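The values are calculated or read from the model by the stated rules, or taken from the named source; none is laboratory data. Here the structure is a predicted model, which is why all the values come from computation and not from measurement. Here the Cβ positions follow ideal geometry from the backbone for every residue, glycine too, while neighbour counts run over all protein chains shown.
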Amino acid sequence: MAIKLLINGLAGAGKTELLRTLGTETFVVSRDAKKFALPIPHMLVDTYYDMDTLLYGGKIKDDDGNDQTILGIADKLELYAEKFGQYPENVAIDSVSQIFMDVIDKASLTPNVYGSQGAEITKEIGKLTQFVHEFLELNGINVILINHVIEEKEDGKLTGELIPFGSGKFLQKGGFFSTTNESVTLVLEGSQRAVYLRDPRKQARTMLPDLPDKMYLENTVHPEKSKKLKDGEEYFTLKNHLQKLLDNQVVAEEWSI
């Protein structure tokens, strides 16, 4: 059993920071145009070649025309297993929205004959979603997809709704939000950071009825500045949220026929 969780947020909201509560049980695929700074096992994808190379590795030609071996996610997971004696419990992809833009940029380099660019984007993203499901989820590895969203505007005014960015049929079908049952969205509210767990206007939803619609993050640098919680409330941590989702999946499995 494994869960797939989508983490949405505007640029600069601190989506990657949510991974801080995780440890060596997690492997991060970092494709976010910056160095990955957390003490968590990870691979840094500094160049995107194509989806097959990202997922499974391969050989490319360097500037001198020589073959250069590129290790893909599958290769790095084998190295993780060699080091830790088992595969990771969680794989986080930071971020799927950047990979989506990589695919669009790559497709734009080819002639657009009868919608060939759109077909190429759909095919490449299909490879990613298939890998996530068949290679990771079905092998019992939890998947965390970190995704960038933007604020919707109508007549130049913000509507309060958050929407994914991108293009093509995949986006029309709902993007990565449509591929997950569990999705949270991180937003800035004044000096506080809040996590929406249930709000379609914020691209957030959950199958757990007992969870609140929104939780706050503790300010770990200045705890005294954290949002004051009511009795019975708790701060959101990604580690605790994943465990709640897994516990619920165990209960649901008991009803499977």
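For the stretch 67-77, indicate whether the set of residues that are in a loop (DSSP other than H, G, I, E, B) and modelled with pLDDT under 95 is non-empty.
No, that holds for no residue.
Could you please find all residues in the stretch 152-192 being polar (S, T, N, Q) and within 19 Å of D105 (Cβ to Cβ)? Please lay out each step first, then the result.
Narrowing the stretch 152-192 to residues polar (S, T, N, Q): 159, 167, 172, 178-181, 183, 185, 191-192.
Result: S167, single match.
Looking only at the stretch 114-135, count how many residues are of a type outside the set (D, E, K, R) and more than 14 Å from I104 (Cα to Cα).
Of the residues in the stretch 114-135, the ones of a type outside the set (D, E, K, R) are 114-119, 121-122, 125-126, 128-133, 135.
Subsequent filtering for residues that are more than 14 Å from I104 (Cα to Cα) retains 114, 129-133, 135.
Final tally of qualifying residues: 7.
Restricting to the stretch 151-165, and then to whatever is in a strand (DSSP E or B) and in contact with a strand residue (DSSP E or B) (Cβ under 6 Å, 6 or more places away or on another chain), can you tell me which residue is modelled with the lowest pLDDT? Talk me through it step by step, then tell me what you get.
From the stretch 151-165, those in a strand (DSSP E or B) are 151-154, 157-164; that's our starting set.
Now restrict to residues that are in contact with a strand residue (DSSP E or B) (Cβ under 6 Å, 6 or more places away or on another chain): 151-152, 158-159, 161-164.
On the way: E151: 90, E152: 88, L158: 85, T159: 87, E161: 89, L162: 91, I163: 84, P164: 81.
Applying the filter and picking the extreme gives P164.
Is it fair to say F84 is within 27 Å of I40 (Cβ to Cβ), touching a helix residue (DSSP H, G or I) at 6+ places or on another chain (Cβ under 9 Å), surrounded by 13 or more Cβ atoms within 10 Å (Cβ to Cβ) and not polar (S, T, N, Q)? Give the steps one after another, and end with the answer.
Numbers: within 27 Å of I40 (Cβ to Cβ): yes; touching a helix residue (DSSP H, G or I) at 6+ places or on another chain (Cβ under 9 Å): no; surrounded by 13 or more Cβ atoms within 10 Å (Cβ to Cβ): yes; not polar (S, T, N, Q): yes.
In short, no.
Of the conditions (1) of a type in the set (A, V, I, L, M); (2) closer than 29 Å to R20 by Cα; (3) part of a helix (DSSP H, G or I), I93 satisfies every one except a single condition; which number is it?
(3)
Give me the strands (runs of 3 or more DSSP E) completely within the stretch 171-257, filtered to those with at least 3 residues that are touching a residue at least 40 places away in the same chain (Cβ under 8 Å) and under 22 Å from A11 (Cβ atoms), ordered by residue number. Full working, then the answer.
Details: elements: 182-189, 192-196, 214-216.
So the answer is 182-189.
Only residues that are among the polar types (S, T, N, Q) and either closer than 16 Å to L245 by Cβ or in a loop (DSSP other than H, G, I, E, B) (or both): list them for the stretch 9-44, please. Break it down into steps so the answer makes sense when it comes.
Of the stretch 9-44, the ones among the polar types (S, T, N, Q) are 16, 21, 24, 26, 30.
T21, T24, T26, listed by residue number.
Given the criterion within 28 Å of K35 (Cα to Cα), of a type in the set (D, E, K, R) and at pLDDT below 95, identify the matching residue among K106, K127.
On the way: K127 fails: at pLDDT below 95.
Only one candidate passes the filter, namely K106.
Just the residues that are of a type outside the set (G, A, S) and in contact with a strand residue (DSSP E or B) (Cβ under 6 Å, 6 or more places away or on another chain), please, taken from the stretch 90-110.
Scanning the stretch 90-110 gives N90, V91, I93, D94, V96.
Given the options V28, V45, name the one that is out of contact with any Lys or Arg (no Cβ under 7 Å at 6 or more places or on another chain), at negative phi and of a type in the set (V, I, T). Can you show your working first?
On the way: V45 fails: out of contact with any Lys or Arg (no Cβ under 7 Å at 6 or more places or on another chain).
The match here is V28.
Condition test on S178, is it within 18 Å of the chain's Cα centre (by Cα), farther than 21 Å from E17 by Cβ and small (G, A, S)? Walk me through how you get there before you give the answer.
Working: within 18 Å of the chain's Cα centre (by Cα): yes; farther than 21 Å from E17 by Cβ: yes; small (G, A, S): yes.
Judged against the criteria, S178 is a match.
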